[in-house]
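Peer 1: Provided herewith is a single structure, encoded as structure tokens, for subsequent inquiry.
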Amino acid sequence: MSEAPALATRGLVAGYERDLPIVRGIDLTIGKGELVAILGPNGAGKSTYVKAIAGTVPCFGGAIMLDGKDITAMPLHQRISAGLAFVPQTENIFASLSIGENLQLAADVLPKALRAARLEKMWAMFPDLASRPALRAGQLSGGQRQMLAVARALIVEPQVLILDEPSAGLSPKIVSSVFAMLQSINRSGVTILLVEQNVKAALAIADRGVILVEGQLRHEGNAAQLATDPLLAELYLGAQPEKASA
């Protein structure tokens, strides 16, 4: 029997209103250990797609499978327990709390026996955060906030980590640092699904790229090949790829 994929969606339909779905029938399979970048023009449904997988946007049809288990109807907190972690683009930390309090709050979903060890692991992984645990999170730079958000997600040791626009608002230098961190996390065995507008940076670390247009999967391929694929520019510029006549 072949191994179940880390994550898969089958005919996923999702959005904020049942009669006006934003995600319109997406089939996608992500293998264990893969780093997949979700790309596409503004309004393509990228964020809505990953939010539906995470459980923060309603699904109206299709299925979401995590390690072969159907989680489509599973509440958000249960998806976390099942091994799925999500880092949204905004409101991904508690700015009024300290770095340490942010991590402690994230650890509180774990059994008490695991909390101390997981916190120590995060401090070891993120020494810049460990050096000032009492600092209020709202005082952190954009890159540091992103690292804290990722640390909060990793504390449960997820099988799959989903991130929505982690480079948003960051300088090129900080983007490089954040993406290097994500690449390191992926190499440790965590499957990553990444929504990103910075196409070049995303494809530089991804195994595969997927392009969404108008809520549908329009093109996908090996990241290195996709980076030079003329169809990538066409889809971003709104041109429609030629179709064979019926």
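Quick note: the coordinates plus some simple rules give every number you see, no bench work behind them. Just so you know, these numbers come straight off a predicted model, no measurement behind them. FYI the Cβ positions are ideal-geometry reconstructions off the backbone, even for glycines, and counts take in every protein chain you see.
Peer 1: When the helix-only estimate is applied to the chain (DSSP H runs of n ≥ 4, each -39,500 (n - 2.57), divided by the residue count), what is the mean residue ellipticity at 222 nm, nearest 500 deg cm²/dmol?
Peer 2: -10500 deg cm²/dmol
Peer 1: I'd like the FRET efficiency for Arg18 and Leu97, computed as 1/(1 + (r/R0)^6) with the beta carbon distance as r and R0 of 30 Å, rounded to 0.05.
Peer 2: Given R0 = 30 Å and the Cβ-Cβ separation, E is 0.25.
Peer 1: Taking the Cβ of Ala8 as the centre, find all other residues whose Cβ is under 13 Å away and add up their charges (Lys, Arg: +1; Asp, Glu: -1).
Peer 2: Its environment carries a net charge of -2.
Peer 1: How far apart, in nanometres, would the label points at Ala134 and Leu105 be if each is projected 7 angstrom from Cα along the Cα-to-Cβ direction?
Peer 2: Simple spin-label model gives 2.0 nm for this pair.
Peer 1: Here are some pairs, Lys32/Lys69; Lys46/Lys200; Lys32/Lys173; which of them have Cα atoms lying more than 23 Å apart in this structure?
Peer 2: Lys32/Lys173, as the Cα separations exceed 23 Å there.
Peer 1: Would you calculate the separation in nanometres between label points at Ala227 and Ser81, each defined as 7 Å from the Cα along the Cα-to-beta-carbon direction?
Peer 2: Once both label points are built, they end up 4.2 nm from each other.
Peer 1: Calculated FRET efficiency, Ala4 and Ala116, Cβ-Cβ r, R0 25 Å, to nearest 0.05?
Peer 2: Computed FRET efficiency for Ala4 and Ala116 comes out at 0.20.
Peer 1: How much length is gained on full extension from Lys173 to Ala63, taking 0.36 nm per residue of separation minus their Cα-Cα distance?
Peer 2: 35.8 nm
Peer 1: Step through the residues of segment 136-150 one at a time and calculate ³J(HN,Hα) from phi using the Karplus curve (6.51 cos²θ - 1.76 cosθ + 1.60, θ = phi - 60°), rounding each to whole Hz and writing x for Gly and Pro.
Peer 2: Residue by residue, segment 136-150 yields 5, 4, x, 8, 6, 6, x, x, 5, 4, 5, 5, 5, 4, 5 Hz.
Peer 1: Would you calculate the separation in nanometres between label points at Ala180 and Thr56, each defined as 7 Å from the Cα along the Cα-to-beta-carbon direction?
Peer 2: Taking the simple label geometry, Ala180 and Thr56 are separated by 2.8 nm.
Peer 1: Still on this structure, I have one more. As an exercise, use a Förster radius of 51 Å and the Cβ-Cβ distance of Arg187 and Ala73 to find the FRET efficiency, rounded to the nearest 0.05.
Peer 2: After rounding to 0.05, the efficiency reads 0.95.
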